[in-house]
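Okay, so here's the structure we're looking at.
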Amino acid sequence: MAGQTDTAIALHYSQALPAPMVVASGKGALAQAIRRVAEEAGVPCVADAELADSLIRLEVNALIPESLYEVIAELLVFVRDLRMGQ
């Protein structure tokens, strides 16, 4: 996920987790590196500056807060649909 402030946050979710987890986050050069690794791995990147601003405040390995469940669920469905269409 990328924001207009050159921010990137990588999320991970599996059914074994109670909620999606932040696995990487950063700004500037670190954000560029996160996006580059995602692109090389074929992981879709979604630009949402407002969501990125909320997620950048979380620590790495933190579960997303319940207040973001709905928007993250919509994001995960979008990514799933992208992958199914490939």
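Things to note:
- Matching residues in segment 45-64 - criterion: being in contact with a strand residue (DSSP E or B) (Cβ under 6 Å, 6 or more places away or on another chain), of a type in the set (Gly, Ala, Ser) and more than 18 Å from Leu17 (Cα to Cα): Ala47, Ala49, Ala52
- Identity of the residue in segment 12-23, modelled with pLDDT of 95 or more and assigned to a strand (DSSP E or B), that ends up nearest to Ala73 (Cα to Cα): Met21
- Filter pass, Arg35 being under 18 Å from Ala8 (Cα atoms), among the basic types (Lys, Arg) and surrounded by 11 or more Cβ atoms within 10 Å (Cβ to Cβ): yes
- Residues satisfying the stated conditions in segment 1-11, i.e. more than 18 Å from Glu70 (Cα to Cα) and outside any loop (DSSP other than H, G, I, E, B): Ala2, Gly3, Thr7, Ala8
The values are calculated or read from the model by the stated rules, or taken from the named source; none is laboratory data. Computed from a predicted structure; not experimentally measured. Here Cβ is always computed from backbone atoms with ideal geometry, including for glycine, and neighbour counts include all displayed protein chains.
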